[in-house]
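Q: Below you'll find the structure I mean.
The values are calculated or read from the model by the stated rules, or taken from the named source; none is laboratory data. What you see is a predicted model; the values in this text were computed from it and never measured. Because the Cβ atoms are built from the backbone with ideal geometry, glycine has one as well, and the counts that use them run over all protein chains shown.
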């Protein structure tokens, strides 16, 4: 049986404090068969000094300009040597110190798995689980958090992230893997915590357009079009409400969107 080991790709840009939290979370893991690949897009906030001061042998460093988060993730993939891959944005953390231990158990219990997907919690006062649904042919948008997805290394020999997509390249990859019938195992374990209001929250119209474009590669049905126009109407209403509702209520609505 192949030994389980992890390549953890951490992407950062001008997020020194968040990067420190992410690295601390990794170093605290009980399971130690991992390498860290930090990809920094030439930060100017002190992140580079933090990265360069890391003297651990299992830390690889890429510090150069990139074309966005997915380009940075692809750069990290060029350096991986271990047989399972996880991507963390700067600020994301493992949910427990035994997260990698628990994922290893899931892998050993599902020897044919190509992808392990767990749950994610938002780092806020409520600690509510984000959206988590199994993929199906009617999945038209991201249905789980990429911080809780573990990929077999072999996947990236044939497919990497399409940097044409600013926000939904991870969804594009997952749709491809689903239709190519890669073995996906869904875990009930919470594997990660992430910050609320990421880039997909800030650019919802871009995200919806990309989800639609990606989904149309596999499905041109009436139901996809219905989903798309419903989403657009929903976002128009939300933007109108932003003009009249207090900030606290708006924040609650944005967070609630992740769970329904």
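Q: Among (1) crowded, with 21+ Cβ neighbours inside 10 Å; (2) not in a loop (DSSP other than H, G, I, E, B), which single condition is residue 167 missing?
A: (2)
Q: Taking residue 160 as the residue in question, decide whether it is assigned to a loop (DSSP other than H, G, I, E, B) and modelled with pLDDT of 95 or more.
A: yes
Q: Moving on. Would you mind stating whether residue 151 is within 15 Å of the chain's Cα centre (by Cα) and part of a loop (DSSP other than H, G, I, E, B)?
A: no
Conditions (1) out of contact with any strand residue (DSSP E or B) (no Cβ under 7 Å at 6 or more places or on another chain); (2) at positive phi, marked per residue:
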{"site": "10", "(1), (2)": "no, no"}
{"site": "27", "(1), (2)": "yes, no"}
{"site": "32", "(1), (2)": "yes, no"}
{"site": "40", "(1), (2)": "no, no"}
{"site": "46", "(1), (2)": "yes, yes"}
{"site": "56", "(1), (2)": "yes, no"}
{"site": "69", "(1), (2)": "no, no"}
{"site": "86", "(1), (2)": "no, no"}
{"site": "97", "(1), (2)": "yes, no"}
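Q: Something else about it: State the number of residues belonging to region 203-223 that are free of Cβ contacts under 8 Å to residues at least 24 places away in the same chain, surrounded by 14 or more Cβ atoms within 10 Å (Cβ to Cβ) and assigned to a loop (DSSP other than H, G, I, E, B).
A: Result for region 203-223: 1.
Q: If I ask for residues that are modelled with pLDDT of 80 or more and surrounded by 14 or more Cβ atoms within 10 Å (Cβ to Cβ), which ones from region 233-250 would you list?
A: Within region 233-250, the first condition is being modelled with pLDDT of 80 or more, and the residues that meet it are 233-237, 240.
Selection gives 235 alone.
Q: Is it the case, given these coordinates, that residue 148 is modelled with pLDDT of 95 or more, buried (at least 21 other Cβ atoms within 10 Å of the Cβ) and over 19 Å from residue 118 (Cβ atoms)?
A: In short, no.
Q: Within region 12-32, count every residue that is out of contact with any helix residue (DSSP H, G or I) (no Cβ under 6 Å at 6 or more places or on another chain) and part of a loop (DSSP other than H, G, I, E, B).
A: Qualifying residue count, region 12-32: 5.
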